[in-house]
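Accompanying notes for the structure given below.
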Amino acid sequence: MRRPLARALTGALGLIAAAAPPLAAAAPAAADSVVVGGQPARITDAPWVVALSSRDRFGGTRAGQFCGGVVVAPTKVLTAAHCLGREALGGEPWQLPDFKVIAGRSSLRGQGGQEIRVAGTWVNPDYDSRTNSGDFGVLTLEEALPASYVIAVAAPGDPALDPGTAADVYGWGDTTGSGTYAMSLRSARVQVLPDAACERAYPGGTGVAYRGDTMLCAGDPEGGRDACQGDSGGPLVARGRLIGLVSWGSGCGQAENPGVYTRVSAVPPQRF
Ligand code: ARG
């Protein structure tokens, strides 16, 4: 069941990117590519960011990190549904012998913070792996995190969702677009983009289509700053509120192909 880290990650996490238009996907990633084009982030400034981990499946070098997640209640972590799928995990989440969330730790080599077992997983039944729509799920933790770790989720109509709003994306994912995974948490400043920008980039047809009702478009109009493989499930934050979860995109950091995020304001609050 255990595969070499790089292969496991590209196999598991390249999945969604691979579903994007083949031509665009073949283009090189931006050279200065968090998270591509980002900078180191302090976990104390962003305590709601967690790493999803299974050393058994993904190896111990990077503490088993394979996706990101966000603390939305002391025992609830929101993440991407595709992080919990068979394709990523090789089975059902409950079959992982050591599925944990790592909180309060920036360096995957470090000892700080806590590792908490995942007691239960719930995947949005409306998630569709062909359309990437509804890409979220909820983890229930065995122990509660401090209330100070919890981030508020933006409600529909929140000005944080307006195009042009500055937003930060966080993760331990690929920093180059070619499989260089971060050891410490990084963030990149992007902006909320109009739905039209992603509708143009992802019109459907051969690839996956962008849908503004369940997805949120964000990126760097000049290119360079973006989420990338391994960041999935992690937070996009604007005005101190959670507005998105890293979901998919074509390549990383290309001006013409923005990042696509799960629109968390469309998630019914009773889900978490
Ligand atoms: N699907 C990727 C993952 O599982 C996230 C890709 C995000 N890509 C982007 N260009 N914003 O980690």
Original post:
Quick one: which of 189, 225 is away from the ligand (no atom under 12 Å from the Cβ) and among the basic types (Lys, Arg)?
Top reply: 189
Original post:
From the list 234, 251, which one is of a type outside the set (Lys, Arg), within 13 Å of the ligand (Cβ to nearest atom) and on the phi > 0 side of the Ramachandran plot?
Top reply: 251
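Could you list, in sequence order, all residues of the range 75-110 that are polar (S, T, N, Q) and either surrounded by 21 or more Cβ atoms within 10 Å (Cβ to Cβ) or closer than 23 Å to residue 128 by Cβ (or both)?
Just the residues of the range 75-110 that are polar (S, T, N, Q), to begin with: 75, 79, 95, 106-107.
Result: 79, 95, 106.
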Original post:
Cβ-Cβ below 6 Å, separation at least six or inter-chain, first residue in the range 157-183 and farther than 17 Å from residue 67 by Cα, second surrounded by fewer than 16 Cβ atoms within 10 Å (Cβ to Cβ) and not charged (D, E, K, R): which pairs?
Top reply: 163/194
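Values in this text are rule-based calculations from the coordinates and carry no lab data. Everything numeric in this text was worked out from a predicted model, so none of it was measured. Positions of Cβ are backbone-derived with ideal geometry, glycine not excepted, and every protein chain shown enters the neighbour counts.
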